[in-house]
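The values are calculated or read from the model by the stated rules, or taken from the named source; none is laboratory data. On a predicted model such as this, the values are computed, not experimentally measured, just so you know. Cβ coordinates were reconstructed from backbone atoms using ideal geometry, including for glycine residues, and neighbour counts include every protein chain displayed.
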Amino acid sequence: MKRALISGASSGIGEAFTLALVQEGYDCVVFARRESNLQDLKQRCEKIRENSCSYLVLDAREENTMDILENVIQDKQWTFDLVINNAGFGYIGDFKDMKESTIHDMIEVNVNFLTRLTYRMIPYMNQGGIFLQVSSLAGSMSGPYMNVYYATKNYVSAFSLACDIEFKSLGLRSLAFIPGPVHTEFGQVAKAGSLPIFKTIKSQDVTQAVKFALKGIQKRQRFIVSQPIHRVLLWCVKWLPQSWVAHIVANLQKKRTQ
């Protein structure tokens with residue numbers, strides 16, 4: 001039986017991955033902050049297949065979370081075929097208006113926790129195991145008025161590629177999932193639900209996005225883009241001057257902050 005570890009599984013992409021993987025025959029170990037959501041997710045998984053989901057109530061912002069997680073993994077003698085680094089959040093608004101605590105937490109969750117989880121889980125990966133690092137279209141450009149979030153996702157994409165090259169000698173892979181806007185709770189947290197750029201780039205149903213991701217995992221694609229039209233966008237971003245792209249993003253996103 002294959003086993004997956006999924007962070008940020010209480011809603012959105014993480015929740016959708018969990019349900020899809022249980023359908024695929026995986027046993028899933030999930031964690032997030034909100035126990036009520038995790039209990040509901042476990043019940044839904046159990047309806048698909050008994051004993052298919054275990055959950056832990058953990059906060060990626062807390063310093064001791066990694067130690068707690070690793071202690072449970074050692075106690076249960078779990079090993080993993082797939083680790084999905086999904087925990088993360090965003091913010092829309094002027095950088096000068098952000099709370100310093102929000103900046104700290106965003107970098108802590110989107111960058112530091114993702115990096116440390118990857119590092120700490122290497123010894124618990126089965127041969128041929130895969131890390132799926134959840135990045136974003138934002139990870140290919142600068143994003144004024146969501147600048148910290150965009151910067152963290154640039155890190156995720158670059159980190160994933162570097163890990164994939166290094167992990168070859170270990171018999172492991174690190175793949176980056178590049179979703180565009182999807183219909184999840186994330187947009188509410190980021191205050192970006194009606195952002196013009198979300199209307200310019202058509203939002204995708206989260207279930208469909210996850211289906212694309214699972215196909216990409218099967219094909220071992222280093223960068224898994226969730227919609228074909230997004231490949232065109234990424235091609236344009238690659239060849240346009242970065243300052244042009246940043247100004248375009250700024251013009252689209254500033255309207256939401258006014």
Quiz item: Restricted to segment 74-99, and to residues that are in contact (Cβ under 8 Å) with a residue 60 or more places away in the chain and over 21 Å from the mean Cα position of the chain (by Cα), which residue is farthest from Ser10 (Cα to Cα)?
Solution: Asp94
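The rows are residues; the columns are (1) at pLDDT below 95; (2) buried (at least 20 other Cβ atoms within 10 Å of the Cβ); (3) under 26 Å from Gly180 (Cα atoms); (4) of a type outside the set (Phe, Trp, Tyr).
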residue: Leu21; (1), (2), (3), (4): no, yes, yes, yes
residue: Arg34; (1), (2), (3), (4): no, no, yes, yes
residue: Asn37; (1), (2), (3), (4): no, no, yes, yes
residue: Ile68; (1), (2), (3), (4): no, no, no, yes
residue: Val72; (1), (2), (3), (4): no, no, no, yes
residue: Val83; (1), (2), (3), (4): no, yes, yes, yes
Quiz item: How many of the residues in segment 164-189 are surrounded by 15 or more Cβ atoms within 10 Å (Cβ to Cβ), in a helix (DSSP H, G or I) and either at pLDDT 80 or above or not aromatic (Phe, Trp, Tyr) (or both)?
Solution: 4
Quiz prompt | Of residues in segment 128-144 being surrounded by fewer than 24 Cβ atoms within 10 Å (Cβ to Cβ) and of a type in the set (Ser, Thr, Tyr), the one farthest from Ile229 (Cα to Cα) | solution = Ser142
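Counting only residues that are among the hydroxyl-bearing types (Ser, Thr, Tyr) and within 13 Å of Glu108 (Cα to Cα), how many does segment 48-65 have?
1
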Self-check item: Residues within segment 139-157 that are part of a helix (DSSP H, G or I) and either over 16 Å from Asn110 (Cβ atoms) or over 16 Å from the mean Cα position of the chain (by Cα) (or both), tallied
Solution: 1
Quiz item: What helices (runs of 4 or more DSSP H), lying completely within segment 1-77, carry at least 2 residues that are closer than 18 Å to Gly88 by Cβ and in contact with a helix residue (DSSP H, G or I) (Cβ under 6 Å, 6 or more places away or on another chain)?
Solution: 12-23
